[in-house]
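First the structure, in the form of structure tokens, and then the observations on it.
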């Protein structure tokens, strides 16, 4: 049975779109998932499933329970290991690294049209369904994530490097 991580977009950020982690765990358990746990309040759910999990099913269940649309991005432990291994900014300060988990791989033409140079010293790299960000000026001050959201037109949720590392570790145990 694969160990999965559900990454929820936009919950418990800045005191908005509040979702209690205890209720989230109970919801996942009610859907038949086991070994359910959460990591920090920003919507990271680790769980084991006997069957293939469809993000749309989780989104529907959360809409019913919490009365809000919450996009869900699923990754397995092995996919998270690959994310860590593909880090194009390996020598950068880990506190300035982030990973954006996208719902799908963006079209090559869209990626080619991104003007990353305008956001120097911030840097980006896209690898499959992940968006790697090196933001030396900090996530809160960088304009690059908002620009990418507009350009890519693909749902994405961003986690800092330490969170991604910990989710990989937790999903492997």
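Taking the centroid of alpha carbons for each part, the stretch 22-58 and the stretch 139-173 are 19 Å apart.
Built from the Cα atoms of the stretch 86-160, the convex hull projects on average onto 4.5 nm², one quarter of its surface area.
Note on the chain: with a GNM built from Cα contacts shorter than 10 Å, the maximum mean-square fluctuation among 158, 40, 126 falls on 40.
Normalised by 2.2 N^0.38 Å, with N the number of residues, the alpha-carbon radius of gyration of the chain equals 1.03. Looking only at 156, 111, 36, which one moves most when the chain is put into a Gaussian network model with springs between Cα atoms under 10 Å? Maximum among the listed residues: 111. Between helix 161-172 and the chain there is an angle of about 40 degrees, using the helix long axis and the longest principal axis of the Cα atoms.
What number results when the radius of gyration of the stretch 36-88, computed over Cα atoms, is divided by 2.2 N^0.38 Å?
Here the answer is 1.30, to two decimals.
Once all Cα-Cα distances of the stretch 3-78 are split into 5 Å bins that start at 0, what whole-number percent is in each one? Calculated P(r), rounded to whole percents: 3, 17, 31, 30, 14, 5, 1.
Relative to the longest principal Cα axis of the chain, at what angle does helix 21-30 sit, 0 to 90 degrees, rounded to 10? Long axis of 21-30 versus the principal axis of the chain: about 60 degrees. For helix 55-66, what angle does its Cα long axis make with the longest principal axis of the chain, in degrees from 0 to 90 and rounded to 10? The two axes meet at around 70 degrees.
Throughout, read-outs are computed from the coordinates displayed, never taken from laboratory work. Here the structure is a predicted model, which means the values were calculated and not measured.
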